[in-house]
Amino acid sequence: MPGKYTLVKHFWISCAHRVPGAGKCDRLHGHNYKITFCVEGTQLDEQQMLIDFRQVKHAIEKKYDHHLLNEFPEFDPAQGGHAPTTEKVAEVFFLTIEELCEQKSNRPIVKWVEVEETNEAFARYERV
């Protein structure tokens, strides 16, 4: 009987943002975001992994770490994006990981992504 593999990984990135119309968060400020993601699948790749979590970390870190999120089209309403709320950051990172999964021959599935903005608040994005 085949089994299922689950990979959960977390890492940190530092980003600045502002959320227009959100009180004091309308001012430019930054966070050390804790990113946690879950990938599942029934088959491993040639390296006996669901996905190389270093590849996931690198894809997100390379693009967003130490940047102002509002400067990216996906977080700029003027360019068709949405303000970089914690919820939208989680969704964008989910889509980034999903794209990486779709490129793999073993086709793992990203189940959810959590973005912890502070010790008191995080958002999770997952497909329903």
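Please enumerate, by chain and number, the lysines with C-alpha under 17 Å from the C-alpha of Lys57, excluding those fewer than 8 residues away in the same chain.
Within the straight-line cut-off, Lys57 pairs with Lys9, Lys34, Lys104, Lys111.
Sort the stretch 49-100 into rounded, prolate or oblate with this rule: let a ≥ b ≥ c be the square roots of the eigenvalues of the Cα gyration tensor; rounded if a/c is under 1.5, and if a/c is not under 1.5, prolate when a/b is larger than b/c, oblate otherwise. Write down the numbers at each step before the final one.
On the way: a/c = 2.68, a/b = 1.90, b/c = 1.41.
Verdict is prolate for the stretch 49-100.
Please label the shape of the stretch 63-128 as rounded, prolate or oblate, based on the square roots a ≥ b ≥ c of the eigenvalues of the alpha-carbon gyration tensor (a/c under 1.5 means rounded; beyond that, a/b larger than b/c means prolate, else oblate).
Values: a/c = 2.01, a/b = 1.36, b/c = 1.48.
Oblate, because a/c is 1.5 or more while a/b does not exceed b/c.
Average projected area of the Cα convex hull of the chain, in nm²?
Values: hull surface 35.5 nm².
Mean orientational projected area (the chain, Cα hull): 8.9 nm².
Under 16 Å Cα-Cα from Lys4, which aspartates and glutamates qualify once same-chain neighbours fewer than 8 residues away are excluded?
Partners within reach: Glu40, Asp45.
Nearest 10 degrees, 0 to 90: what angle lies between the long axis of helix 86-102 and the longest principal axis of the chain (Cα atoms)?
So the inclination is approximately 30 degrees.
Tell me which residues come under 5 Å, amide H to amide H, from Lys9 once H is placed; ignore anything under 5 positions away on its chain.
The answer is Phe37.
P(r) tail for the stretch 20-84, what percent of Cα pairs lie past 16 Å? Please list the in-between numbers first.
Details: 1303 of 2080 pairs.
Everything past 16 Å amounts to 63 percent.
Pick out, from Phe11, His82, His58, the residue whose Cα sits farthest towards the positive end of the charge dipole of the chain, with +1 on the Cβ of Lys and Arg and -1 on the Cβ of Asp and Glu.
Phe11
Calculate the dipole size of the stretch 1-103 relative to its Cα centre from +1 charges on Lys and Arg beta carbons and -1 charges on Asp and Glu beta carbons; express the result in debye to the nearest 20.
On the way: 11 positive and 15 negative charges, 103 e Å.
Rounded to the nearest 20 debye, it is 500 debye.
Enter the angle in degrees (range 0 to 90, nearest 10) between the Cα long axis of helix 53-64 and the first principal axis of the Cα atoms of the chain, meaning the one along which they spread out most.
20 degrees
Bear in mind that the values in this text are calculations on the coordinates, not laboratory data. This is a predicted model, so every value here is computed, not measured. FYI the Cβ positions are ideal-geometry reconstructions off the backbone, even for glycines, and counts take in every protein chain you see.
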